[in-house]
Amino acid sequence: MNHKHILQHTIFKTIGACADELDMEAYVIGGFVRDYFLKRGDSKDIDVVAIGSGISLAQKVAFKLEGKPEVTIFKNFGTAMLKYKNLELEFVGARKESYTRDSRNPVVEDGTLEDDQNRRDFTINAMAFSLNKSKFGDLLDPFNGVKDLEKQIIRTPLKPEITYSDDPLRMMRAIRFATQLNFTIESKSLDAISKNRERIKIISKERVVDELHKILLAEKPSKGFSLLNKTGLLPLILPELTALQGIEEIEGQRHKDNFWHTLEVVDNISKTTNNLWLRWAALLHDIGKAPTKKFHKKIGWTFHAHEFVGSKMVYKLFKRLRMPLNDKMKFVQKMVLMSSRPVILSEEHVTDSAVRRLVFDAGDYVDDLMTLCEADITTKNARKLKKYKNNFKIVREKIVEVEERDKIRNFQPPVTGEEIMQTFGLKPSREIGILKDAIKEAILEGEIANEYSAAFKFMLKKGKELGLSVKSNKASKS
Ligand code: ATP
Ligand code: MG
């Protein structure tokens, strides 16, 4: 079948013409072709394979294009990249690869198109359109990728054992594509992934994390994590999550399976936010439950201080996976640390002071925290569900109300330490901290408004209680 009509962008004709002039074959291959058949919208990443030097082809193409875009050459890889309008084009010579056991970097030699297609990860990623004038738009699909797209199946071109063992990153990619596209991984493939799982260790953490990000950003991330679990990859990558699995029962008391609960929370939150780090927070919000789990005869199962323990674990996990130890990590930590706070509110009567405390502690992240906590509601009890949802609605309304009135977010003490020192003629001392804290508490409790004159009066009263006497004029006037 010919697919000329989809290659309307003039860039494809230009590449074809340049290839003809250089007397080489050229094809567009991989993701672009796959996404065309999936109608995933026009892919901006275009991979071009040349039977010959990809670099020479890129240079010739760039020379012909309007504005003569710059060509970036990666000599070690024999590839070249150029940006044109909103497209990113990558050129490579067709290659044949052979792998050694302990590296995912193969020995590479020049090859035919067929060799090149053989080294691709999946049948749906191995399809190519010809760009030379005489065959423009011809589809080359030696492994029936189009059929597999229809059947919604992830399958390898070669024997799965070989494909996954050669480059274990493909195990992550298989699961990632299955998650993004909601496809099924062929059972032979799934078996090969399980068998080769230990080989994930030769893959750099950064590549693994890239795939985890993509899984987390899918519409229904749980699919990916349950596949990682099923194939035995999960304990090698995120043992903190596998540790949440299972239900224990002592004296007839059971706790919920926190792994499956977590996946439900992640799917829930994915309906309301695309914030990658908030999704990470959902994934990790309960990890402290495994090390803190205890059974008590009287009260049953507890996970005492699991939020605190969990937030410490976030740091170690990020560090191990070489993820950034920056404000993103701190954000995830904060979410995990505070993850039970609004839940408590949702279960009882919601008071203004509890809401003020929540806003005070969460600061700018209070909305994200609410989003996380609402996603955390996975009860199957309709009555409870209604009650929690309704309470969350009240909390959200009160947050707005309290915020307008009391300006608690990014709280600044209305009376400064300086002023306390001046008023009572104090040197830096414990009393100042006590007074500042008492003022803050009074505001959060709603005893006084968050404003200067009320706070100043309150400070004078508290100071007297502490046995301090007023020194400055300003205070004696008021
Ligand atoms: P997306 O860009 O949406 O992640 P993609 O299929 O374009 O999907 P890329 O990583 O951009 O993925 O790779 C482009 C093409 O290169 C793939 O379609 C595939 O043919 C091939 N490819 C990429 N990584 C591998 C790999 N690890 N093993 C074999 N082939 C690969
Ligand atoms: Mg791509």
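The values are calculated or read from the model by the stated rules, or taken from the named source; none is laboratory data. Predicted model only: the values in this text are computed from it and were never measured. Glycine gets a Cβ as well: all are built from the backbone with ideal geometry, and neighbour counts include every protein chain shown. Just the protein is used for accessible areas: all its heavy atoms, side chains included, with ligands, DNA and RNA removed. Shrake-Rupley method; radii C 1.70, N 1.55, O 1.52, S 1.80 Å.
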Worksheet item: Do we have any residue at all in the stretch 261-269 that's exposed (fewer than 15 other Cβ atoms within 10 Å of the Cβ), among the hydroxyl-bearing types (Ser, Thr, Tyr) and either modelled with pLDDT of 95 or more or on the phi > 0 side of the Ramachandran plot (or both)?
Response: no
Worksheet item: Got a sec? Which of 211, 219 is at pLDDT 95 or above and either touching a His at 6+ places or on another chain (Cβ under 6 Å) or surrounded by 20 or more Cβ atoms within 10 Å (Cβ to Cβ) (or both)?
Response: 211
Worksheet item: Hey, which of the strands (runs of 3 or more DSSP E) in the stretch 2-120, taking only ones fully inside, have at least 3 residues that are within 16 Å of ligand 1 (Cβ to nearest atom) and surrounded by 15 or more Cβ atoms within 10 Å (Cβ to Cβ)?
Response: 26-29, 45-50, 79-84, 87-93, 95-98
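Output the residues belonging to the stretch 157-179 that are over 25 Å from the mean Cα position of the chain (by Cα) and either acidic (Asp, Glu) or surrounded by fewer than 23 Cβ atoms within 10 Å (Cβ to Cβ) (or both).
Listed by number, the residues that qualify are 157, 158, 159, 161, 162, 165, 166.
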Worksheet item: Taking the stated definitions as given, is residue 438 aliphatic (A, V, I, L, M) and open to solvent by less than 30 Å² (accessible area, probe 1.4 Å)?
Response: yes
Worksheet item: Using beta carbons and a limit of 6 Å, which pairs, at least six apart or on different chains, have the first residue in the stretch 388-406 and among the basic types (Lys, Arg) and the second one buried (at least 19 other Cβ atoms within 10 Å of the Cβ)?
Response: 398/355
Discussion item. Please pick out the residue among 182, 196 that is more than 16 Å from ligand 2 (Cβ to nearest atom) and open to solvent by 30 Å² or more (accessible area, probe 1.4 Å).
Written reply: 182
Discussion item. Restricting to the stretch 36-83, and then to whatever is in contact with a helix residue (DSSP H, G or I) (Cβ under 8 Å, 6 or more places away or on another chain) and of a type in the set (Phe, Trp, Tyr), can you tell me which residue is nearest to ligand 2 (Cβ to nearest atom)?
Written reply: 36
Worksheet, complete the sentence: Within the stretch 121-156, residues being within 34 Å of the chain's Cα centre (by Cα) and surrounded by fewer than 17 Cβ atoms within 10 Å (Cβ to Cβ) number 5
Practice prompt. Please identify the pairs in which a residue from the stretch 7-22 that is of a type in the set (Val, Ile, Thr) has its Cβ atom under 6 Å from the Cβ atom of a residue that is open to solvent by 60 Å² or more (accessible area, probe 1.4 Å), counting only partners at least 6 apart or on another chain.
Written response: 14/64
Practice prompt. Can you confirm whether the stretch 10-31 contains a residue that is over 21 Å from residue 173 (Cβ atoms), within 16 Å of ligand 2 (Cβ to nearest atom) and out of contact with any Phe, Trp or Tyr (no Cβ under 7 Å at 6 or more places or on another chain)?
Written response: no
Worksheet item: Quick one: would you say residue 435 is over 30 Å from residue 371 (Cβ atoms), aliphatic (A, V, I, L, M) and part of a helix (DSSP H, G or I)?
Response: yes
